[in-house]
Amino acid sequence: MKIQEIVDKALSIRGYTNCNKLFTLCKICQNLETLNGDIIEIGSAFGRSTMALILSSNKKIWSIDPHTGEDYGDRQISCEKSSFYEFIDNLTNNEVLHRVNVIRSTTEMAVLNEELIFSMAFIDGLHTAKAVKIDLDFVYPRICSNGIIVLDDYFEPSVQPYARAIDRFVKKMNVDLVKENELVWFKKV
């Protein structure tokens with residue numbers, strides 16, 4: 001499937017990840033096939049980015065999200081109706097639910113086998129400095145050599161402490177942060 005077709009399919013699902021970000025995610029995913037490990041996504045909401053990840057790779061997707069609705073600075077996802085059921089419906093209706101290990105949990109509470117290895121992580125969880133540090137500390141040891149960690153909302157003015165926490169982590173790990181189409185990513189060396 002071509003990237004534009006994948007992006008169009010993903011955009012049919014309600015969500016916040018725009019066309020440019022989806023395009024970048026797809027491009028990165030399609031270059032992972034030679035790396036060992038599945039793909040992990042932290043923060044899936046209604047499944048838009050999940051769909052892009054699924055259609056861009058043959059790898060299993062692990063999705064961690066409590067689906068409780070959280071305050072994301074200038075946007076509030078309603079807690080009246082959890083995003084979980086719409087997430088499951090979207091994946092079921094597109095016949096891809098079998099490709100996803102759904103973990104309805106915060107990153108802090110998620111329990112994964114310590115031996116699991118991932119070729120890519122897409123982090124779009126809670127946009128606070130504390131939360132992104134937890135997310136990065138959780139995924140980094142599980143990313144294979146040359147694996148990619150992609151982060152969303154780095155450029156959002158309302159979440160600058162989140163961006164600074166990413167900068168601190170990248171500096172500590174001595175890796176280069178790539179800024180591409182409204183996303184940032186780095187390769188584990």
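So in the range 35-80, with the set limited to residues that are among the β-branched types (V, I, T) and modelled with pLDDT of 95 or more, which one is farthest from A129 (Cα to Cα)?
Filtering the range 35-80 for residues that are among the β-branched types (V, I, T) and modelled with pLDDT of 95 or more, the one farthest from A129 (Cα to Cα) comes out as I54.
Within the set of pairs 6 or more residues apart or between chains, which connect a residue that is more than 17 Å from G43 (Cα to Cα) inside the range 89-104 to a residue that is of a type in the set (D, E, K, R) and surrounded by 14 or more Cβ atoms within 10 Å (Cβ to Cβ) with Cβ atoms less than 9 Å apart?
Correct list of pairs: N94/K9.
Under the condition of being aliphatic (A, V, I, L, M) and part of a helix (DSSP H, G or I), which residue from the range 1-15 is surrounded by the fewest Cβ atoms within 10 Å (Cβ to Cβ)?
The extreme case among them is L11.
Across the range 25-54, which residue is farthest from S83 (Cα to Cα) among those that are polar (S, T, N, Q) and either crowded, with 23+ Cβ neighbours inside 10 Å or touching a helix residue (DSSP H, G or I) at 6+ places or on another chain (Cβ under 9 Å) (or both)?
Top of the filtered list is Q30.
State yes or no: is S119 out of contact with any Leu (no Cβ under 9 Å at 6 or more places or on another chain) and polar (S, T, N, Q)?
In short, no.
Could you say which residue among S119, S145, S158, S105 is of a type outside the set (K, R), surrounded by fewer than 20 Cβ atoms within 10 Å (Cβ to Cβ) and in a strand (DSSP E or B)?
Going through S119, S145, S158, S105 in turn, the sole match is S145.
What's the number of the condition N90 fails, among (1) more than 14 Å from the chain's Cα centre (by Cα); (2) assigned to a loop (DSSP other than H, G, I, E, B); (3) of a type outside the set (G, A, S); (4) surrounded by 14 or more Cβ atoms within 10 Å (Cβ to Cβ)?
The failed condition is (2).
Among residues belonging to the range 161-189 that are in a strand (DSSP E or B) and basic (K, R), point out the one that is nearest to D38 (Cα to Cα).
Checked the range 161-189; the qualifying residue nearest to D38 (Cα to Cα) is K187.
Might you check whether a residue that is of a type in the set (K, R), buried (at least 20 other Cβ atoms within 10 Å of the Cβ) and not in a loop (DSSP other than H, G, I, E, B) occurs anywhere in the range 131-142?
The answer is yes; a qualifying residue exists.
Mind checking which pairs have a first residue in the range 10-28 that is farther than 17 Å from N90 by Cβ and at pLDDT 95 or above and a second that is assigned to a loop (DSSP other than H, G, I, E, B) and among the polar types (S, T, N, Q), Cβ under 6 Å, 6 or more apart or different chains?
Listed pairs, sorted by first residue: N20/N181; T24/N181.
The values are calculated or read from the model by the stated rules, or taken from the named source; none is laboratory data. Just so we're clear, the structure is a prediction, and the values are computed from it rather than from any experiment. Note: ideal-geometry Cβ built from the backbone for every residue, glycine included; neighbour counts use all protein chains shown.
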